[in-house]
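Below: one structure, written as structure tokens.
What follows is calculated from the coordinates using simple rules that are stated; it is not laboratory data. These numbers come from a predicted model, not from an experiment. No Cβ is skipped: glycine too gets one built from the backbone with ideal geometry, and neighbour counts run over all protein chains shown.
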């Protein structure tokens, strides 16, 4: 079945798919996930510290963005917002939606991790004279991030794959690139498997990075290798 | 330095845990708070260091008087920098080494230059017999070793009084000795200590003062010698009889 013609198409398209992977998929993931972390840590801390009013706003935000499909959120921002005069370019629109959506999920992961830190850690911080904020920053948050790390890595890997949805708002990332090539040469089975394998490659690298990161963080936990 | 607590009250819901407790600790005192489980000893200690908010009562510390039920956060922070607290379950910072556990408060809360803080911390660890374990994380240490690091953390900042909340209760019997030895050494050096404990031998031989509590009130306050030789209250006598029976096995 794999004849020379098909082999040539696959070899030729590999770079044409990988390139937008490196220049669009990865930057989109890195930028959106970094922003998502900022949002998530902030929202988690606000809820953990039971800040009045703001914590209800956080609950509302998480409720809305976890409760509606990512694809719908992308469409509302990119196709819907222009109706009220807000026109956003495809790439920034994708960054905004992915970071806000991911932030909602990760906020819950981090909040749960914060709550898993024994209350005695905060009390010990108080008793050596540290303030709430000092203890959060130096003691509680680092421990919580260690606990949250595997789940957050999981979210990151999921997000790499989810960026393919940005194809629907005309961002030419890896999947859209494969679609465009397919429109010309019509080899859907081969091309979609090929792009799938490239996603698998990306995920594999991230999984490897995750286990390396976990090993580094393991220094102060009692889980043995 | 004198620490005086007057009429402290604390309820958890409908349960009244402290029903108006008075207490006085003077410079150099090693005061043991004794009493059966549920008598309010730990709650009393936690209220004194503001880990629980008391419902009412006053505290006089080194000549300054405070209302325990409405303590400004600033005053709490200021007082905590002059005291130290040793917990039953150690509560060492799990993400910090032994040395960092001791130095953290000095560097972060007291803004001490790093090198000076590390020097002081190394000396404190040496004092509790933990030299050579500076770079161990809490999970790499036994319970007794963790509690000694916690004591090093407590003494490092030069507190005027150290509160101990059942410091040996979470330890296996063969490990309590090493912790009690460190506490005995501190007592001999004149450190002021307020100790909630079940260790009768410590109360008898190290402390100079006994505060006996039951059901949220102080039943008897005596010198340690007098308490064990000739307790004044019937309830103290009953408590000592139970303890002695338990010790006899």
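For chain A, find the longest principal axis of its Cα atoms and tell me its angle to the long axis of helix A:54-67, 0 to 90°, nearest 10.
30
Starting from the Cα gyration tensor of chain A, take the square roots of the eigenvalues, sort them a ≥ b ≥ c, and report rounded, prolate or oblate (rounded when a/c is under 1.5, otherwise prolate if a/b is larger than b/c, else oblate).
Because a/c hits 1.5 or more and a/b fails to exceed b/c, chain A counts as oblate.
Please build a GNM for chain A, connecting alpha carbons under 10 Å apart, and tell me which residue among A:108, A:123, A:194 fluctuates the most.
A:123
Going by how many other Cβ atoms sit within 10 Å of their own, how do A:55, B:114, B:46 line up, fewest first?
In increasing order of surrounding Cβ atoms, one gets B:114, A:55, B:46.
Considering chain B as a Gaussian network with a 10 Å cut-off on Cα pairs, which listed residue, B:191, B:112, B:130, attains the greatest mean-square fluctuation?
In the Gaussian network model the winner is B:112.
For the ranges A:33-39, B:99-105, what's the packing order if you count other beta-carbon atoms within 10 Å of each residue, average per peptide, and put the highest first?
B:99-105, A:33-39
Most exposed first by the Cβ proxy, i.e. fewest other Cβ within 10 Å, how do A:136, B:200 rank?
Numbers: A:136 20, B:200 16.
In order of increasing Cβ crowding within 10 Å: B:200, A:136.
For every helix of n ≥ 4 consecutive DSSP H residues, a contribution of -39,500 (n - 2.57) applies; sum these over chain B, divide by its total residues, and give [θ] at 222 nm rounded to the nearest 500 deg cm²/dmol. List each step's numbers first, then the result.
Numbers: 9 runs with 94 residues, N = 249.
Computed ellipticity for chain B at 222 nm equals -11000 deg cm²/dmol.
Could you tell me whether the protein assembly as shown comes out rounded, prolate or oblate from its Cα gyration tensor? Rule is a ≥ b ≥ c as square roots of the eigenvalues, rounded for a/c under 1.5, then prolate if a/b exceeds b/c, otherwise oblate.
prolate
Work out the mean other chain Cβ neighbour count within 10 Å for the residues of A:129-135 and drop it here as an integer.
Counting Cβ atoms of other protein chains within 10 Å of each residue's Cβ and averaging gives 6.
What is the order of A:79, B:90, B:137, fewest Cβ neighbours within 10 Å to most?
Ascending Cβ contact count within 10 Å gives the list A:79, B:137, B:90.
Please give the average number of partner chain Cβ atoms lying within 10 Å of the Cβ of each residue in B:85-94, rounded to a whole number.
Going residue by residue through B:85-94 and averaging, the value is 5.
What percent does the relative contact order of region B:96-159 come to when contacts are Cα pairs within less than 8 Å and at least six residues apart? Mind showing how you got there, number by number?
Details: 69 pairs, mean separation 30.0, N = 64.
Averaging sequence separation for qualifying contacts and normalising by length gives 47 percent for region B:96-159.
Where does helix B:234-248 land angle-wise versus the long Cα axis of chain B, in degrees 0 to 90, nearest 10?
60
Let me know the mean shielding of B:101-111 by other chains, meaning the per-residue number of their Cβ atoms within 10 Å of its Cβ.
For peptide B:101-111, the averaged partner shielding equals 4.
Could you tell me how far the Cα centroid of region B:148-199 sits from the Cα centroid of region A:149-170, in Å?
52
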